[in-house]
Structures are given as structure tokens and as C-alpha cells.
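**Q** Below you'll find the structure I mean.
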Amino acid sequence: MARTKDPAVRTLLIERAAQMLRAREPVTLRAVVAGTGVSTMAVYTYFGGMDGLWRAMRQEGFTRLAAELATVPLSTDPVRDLAALGSAYLANAVANPDLYRVMFDAGFDLEDPAAADESLHNLVRAVERAREQGRFRADVDPPTVAVQAWAIGHGLASLVTTGPLPPAALGNGVPMLTALYVSCGDDPSACRRSVESGWRLG
């Protein structure tokens, strides 16, 4: 009879490999299980090998991002919601810096690409709402604006979690997103208020 896999062991190995990345340690089969109390066979049992572990690490990053985005309550203000989604994105990166680095390593496939795409779709839907409510112009392309907003959030997250900028730099998201959304047709004063309302960090 096959043994039931313990989710805690799977999480343990993912966390261990991510921590090794942060410490710039070589992530090898033997090194990743060292000190964990499990054998090298566990990497094969749970992931099918090291490539599977890398795929699982990428997916775990997106899984945690999805969970963070799901905590953002929708309001009647879609521009505020766009900012709140961006804020949640950064909060996830700050809380999971090791996994955040791996999420965008395209050298390894994702276990569930559709689930990863959902994080961008959240932004697309919010842009669609802003357009439908007249905050954005009718000719605005939601996927394009969503990618632009994502680029702002990703740039800030990368520079703070793995780069040279201090956490206070995350506040730059307010003027950057405001400029983006005003370019989409939103009223400058209303836009600034909405973005400031949604951009809650720390």
C-alpha cells in the first residue's frame, strides 16, 4: 500500500530550498534535505526530482500570491481596488521574498500555469470595471493597463525584496499608479484619493 504524502514535508522542502537561494547556497539534492530529518528520496517522492522541486517552488509562490489577492475586498471604487491589488502583491513579495525570486524563473515550467495567470486576470477585471464605470476611457485596453500596473508593482517589489531600495520606497507606487490611471482618463484628484485609499502597506 502506498504511503500517504504529508503536506508538511512538501512545504518543508520548498521552504528549505527557497531559504538556500536567499543565502546563495547551492540547491542540490543532498543539501536541500540536510538538517530536515527527511532523506533524499523525499525529493523524488514529493516532486519526482529536483526539476519538480523547482516547479513546485514557482507554483507555491503564485499560490501564496493568489491567497493574498483573495483577501482584497472589492469596493464600489475600481481604481481603489486596482491600488489595493497592487498593495497586496507587494505585501506577498515582502512576506515571501525567497519564493518571490523563484516565481519568475522561466527556466522551469509551472505545475499549473492557469492558476498563475489568475493573478494578472484580477487586475484585468478591475480595469474593465473602471472602464465600465467611466473612470477610464472607453478605448482603454484592460490587459495592456493591467500589465503596466503589474510592471510598476513588480519593479518596486524586486528593488525592495532583492535589490537596493528600502521598504519606504514602496510608497512610490502611489504617484506612479496615479500617473498611469490618469493617463487612462481618470480625474487627477479623484484618482489620487482612490490610489491612496487602496495603497495600504506595512
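**Q** For Cα pairs less than 8 Å apart in space and 6+ apart in sequence, what is the mean separation divided by the residue count of segment 1-95, i.e. the relative contact order in percent?
**A** 19 percent
**Q** Note down the Stokes-Einstein diffusion coefficient of segment 39-93 in µm²/s, whole number, using a Kirkwood radius over alpha carbon pairs, 10 °C, and 1.306 mPa s.
**A** Reported coefficient: 121 µm²/s.
**Q** Keeping all protein chains in place, calculate the accessible area per residue for the chain (probe 1.4 angstrom), answer in Å².
**A** I get 51 Å² per residue for the chain.
**Q** Can you tell me the FRET efficiency between residue 172 and residue 71 if r is taken as the Cβ-Cβ distance and R0 is 22 Å, rounded to the nearest 0.05?
**A** The value I calculate is 0.45.
**Q** Per-residue counts of other Cβ atoms within 10 Å, averaged by peptide: what ranking do you get for 47-57, 30-40, highest first?
**A** Peptide ranking by packing, descending: 47-57, 30-40.
**Q** Calculate, in nm to one decimal, what residue 133 and residue 190 gain on full extension: separation in residues at 0.36 nm each, minus their alpha carbon distance.
**A** In short, 19.2 nm is gained.
**Q** A follow-up question, please. Could you rank the peptides 138-147, 125-134 by their average count of other C-beta atoms within 10 Å per residue, with the highest value first?
**A** Answer by packing, highest mean first, reads 125-134, 138-147.
**Q** Pairs of Cα atoms under 8 Å, at least six residues apart: use those to get the relative contact order of the chain, whole percent.
**A** 23 percent
**Q** While we're looking at this one, here's another question. Between 161, 11, 76, find the one with the highest GNM mean-square fluctuation for the chain; connect C-alpha pairs within less than 10 Å.
**A** Residue with maximal mean-square fluctuation among 161, 11, 76: 76.
**Q** Per residue of the chain, what 222 nm ellipticity follows from adding -39500 (n - 2.57) for every DSSP H run with n ≥ 4, rounded to the nearest 500?
**A** Calculated from helices alone, the mean residue ellipticity at 222 nm is -21500 deg cm²/dmol.
**Q** With a Förster radius of 41 Å, plug the Cβ-Cβ distance of residue 197 and residue 25 into 1/(1 + (r/R0)^6) and report the FRET value to the nearest 0.05.
**A** The formula returns an efficiency of 0.45 here.
**Q** Out of these labelled values of Cα Rg over 2.2 N^0.38 Å, [x] 0.99; [y] 1.17; [z] 1.28, which was calculated from the coordinates shown here?
**A** So the structure-derived entry is [y].
**Q** Beyond 19 Å, how much of the Cα-Cα pair distribution for segment 69-168 remains, as a whole percent?
**A** Taking all Cα-Cα pairs of segment 69-168, the fraction more than 19 Å apart is 47 percent.
The values are calculated or read from the model by the stated rules, or taken from the named source; none is laboratory data. What you are looking at is a predicted structure, and each value in this text was computed from that prediction instead of being measured. Note that each Cβ is placed from the backbone with ideal geometry, even for glycine, and that neighbours are counted across all protein chains shown. Calculation scope for accessible area: heavy atoms of the full protein, side chains included, ligands and nucleic acids excluded. Shrake-Rupley method; radii C 1.70, N 1.55, O 1.52, S 1.80 Å.
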